[in-house]
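The values are calculated or read from the model by the stated rules, or taken from the named source; none is laboratory data. Please read all numbers here as calculations on a predicted model, not as lab measurements. All Cβ positions, glycine included, derive from the backbone under ideal geometry; neighbour counts span all protein chains shown. For accessibility, only protein heavy atoms count, side chains too; no ligands or nucleic acids. Shrake-Rupley method; radii C 1.70, N 1.55, O 1.52, S 1.80 Å.
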Amino acid sequence: MKKELSKTYDPSDFEERIYSAWQEGGYFTPTVDPAKKSYTIVIPPPNITGQLHMGHALDNTLQDILIRYKRMSGYSTLWLPGTDHASIATEAKIVEAMRKEGLTKDDLGRDDFLERAWDWKEKYGGRIVEQLKKMGSSLDWTRERFTLDEGCSKAVREVFARLYEKGLIYRGERIINWCPHCKTSISNAEVEHVEQDSHFWHIRYPLVGGGGYVEIATTRPETLLGDTAVAVNPNDERYKDLIGKYVMLPLVGRRIPIVADEHAKLDKGTGCVKITPAHDPNDFLVGKRHGLAEINIMTDDGRMNELAGAKYCGMDRFACRTALVADLEAGGFLDHVEDYDNQVGHCYRCHEVVESRLSKQWFVKMKPLAEAAIEVVKDGRIKFVPERFTKTYMNWMENVHDWCISRQLWWGHRIPAWYCDDCGKITVSR
């Protein structure tokens, strides 16, 4: 008796059965064969923050095509599966879920919080694996990895220790990107710049001893409370006679110097730049060149601290901006306001406006590492397709900054450093 072919395709009749047969047959698990060429892809590990989307589906389909082609061409092929712990994103999701229960991280403590995080990983990491299998991805599941498993954790400690011993990792105070919502530092790559309607507030800084004022323009007037200088270009004829003199910081009453620095541009703004070393990366460098004080005026949740003054202490940074501008206007310090389209940095995970902030963190020295990465492109060992991306890559590598690698999170790799309270010594250990 002939069995009729169904008029509709029912994946449940075929896909799980066929995929199980592939796995049981070991068809995705390569053997080491010196007679064969090797071909390997390490999957870009999807974050365990939810489930796969169409972008994952496309990316993994392309990898599967390459792997299957090489396997059929006689290569010993490995497509290595794995998932990423995604420290910021995962912690943010768990904290949000806890908030609905009326709980905070401090309520739970580290150990109980991490228990929840591992439960999250089992739930969503398992879902991602099943989705990849449903797609028919020919991954070698006998070698599956997770970026917080024992092997990966050991590798992280080893690499950290090696780079530290070579002087390529250091701890220091520098300007970092700080997310007041996630309460952690984030790297430049984790900041998304969004165009927003903003303003340039033009503010008068009175000269000490009389004789008028200098005018500065800023998009962040609340940071005025942490100013420690005003910079002018050494070649600017308008202000040459003012170099070395002082202005009085409006509303604060702090006397700050006028310094000569090429950070102030002849053809940009008023030619006078307020310098806030603890809240701007360029100002931080100006401050180092001139030995200026670094006054951090904000708490880690984006509120003004006691160094901002009694009136503003405790205010949210944007509420402080509104109050400060009103006070500047009432005091006769606000010259005028100019509309301005500003590119404002936001945290790529929670979309909160990121704050530039002086903080003690761990950094990787990037320039020595970038040199080798530049060389392999220049000598042709690495080629970009399309070729136009070579220029983008080279521009990025040749202008790279030290990379902030520490995060103020409980979920993720812990930096293998121990601190002596008595003598201040740092011990990095595997």
Dividing the alpha-carbon radius of gyration of region 307-430 by 2.2 N^0.38 Å (N being the number of residues), what value is obtained? 1.64
Which whole number of Å³ per residue matches the convex hull of the alpha-carbon atoms in the chain? 244
Return the distance in nm (one decimal) between the two label points of a simple spin-label model at D241 and E122, each offset 7 Å from Cα along Cα→Cβ. 7.7
Phi-derived 3J(HN,Hα) across region 323-335 with the Karplus relation (6.51, -1.76, 1.60, θ = phi - 60°), rounded Hz, x for Gly and Pro, is 5, 5, 4, 4, 5, 5, 5, 5, x, x, 8, 8, 7
From the Cα centre of region 195-244 to that of region 33-52, the distance in Å is 54
Degrees, to the nearest 10: 87-100 long Cα axis against longest axis of the chain: 80
Under 27 Å from the Cα of K3 - lysines, other chains or at least 8 residues apart: K134
Please compute the per residue accessible area over the chain with all protein chains in place, 1.4 Å probe, rounded to a whole number of Å². 58
Among DSSP beta bridges lying fully in the chain, give the percent that are antiparallel, nearest 5. 80
Distance cut-off 21 Å, Cα to Cα: go down the list K166/K425; K288/K360; K166/K367; K274/K367; K240/K265 and report the pairs above it. K274/K367
In nm, to one decimal, how far is the T322 label point from the R414 one, both placed 7 Å along Cα→Cβ? 4.2
Rounded to a whole number, what % of the accessible area of the chain do carbon and sulfur atoms account for, probe 1.4 Å? 53
For H401 and D197 in the same chain, what is the full-extension length gain: residue separation times 0.36 nm, less their Cα-Cα distance, in nm? 70.6 nm
GNM on the chain, C-alpha springs below 10 Å: top fluctuator among Y205, Y393, Y75? Y393
Compute the relative contact order of region 277-430 as a whole-number percentage, counting only Cα pairs closer than 8 Å that sit 6 or more residues apart in sequence. 15
Cross-link reach list, lysines versus K93, counting only Cα pairs under 17 Å and skipping chain neighbours closer than eight places: K105, K121, K123, K183
Would you please classify the overall shape of region 255-338 from the alpha carbon gyration tensor, given that a ≥ b ≥ c denote the square roots of the eigenvalues, rounded means a/c under 1.5, and beyond that prolate means a/b larger than b/c while oblate covers the rest? oblate
Where does region 115-213 land on Rg(C-alpha)/(2.2 N^0.38 Å)? 1.94
With Cα atoms, 0 to 90° folded angle of helix 366-378 axis to the chain main axis: 50
What's the angle, to the nearest 10 degrees (0 to 90), between helix 389-398's Cα axis and the longest principal axis of the chain? 50
For region 245-281 and region 294-310, compute the distance between their C-alpha centroids and round to whole Å. 19
For the residue pair N188 and D112, what label-to-label distance in nm results when each label sits 7 Å from Cα along the Cα-to-beta-carbon direction? 4.2
Rounded if a/c is under 1.5, else prolate if a/b is larger than b/c, else oblate: which is region 1-131, with a ≥ b ≥ c the root eigenvalues of its Cα gyration tensor? oblate
Suppose R0 equals 41 Å. What FRET efficiency, 1/(1 + (r/R0)^6) with r the Cβ-Cβ distance, do W141 and K367 give to the nearest 0.05? 0.55
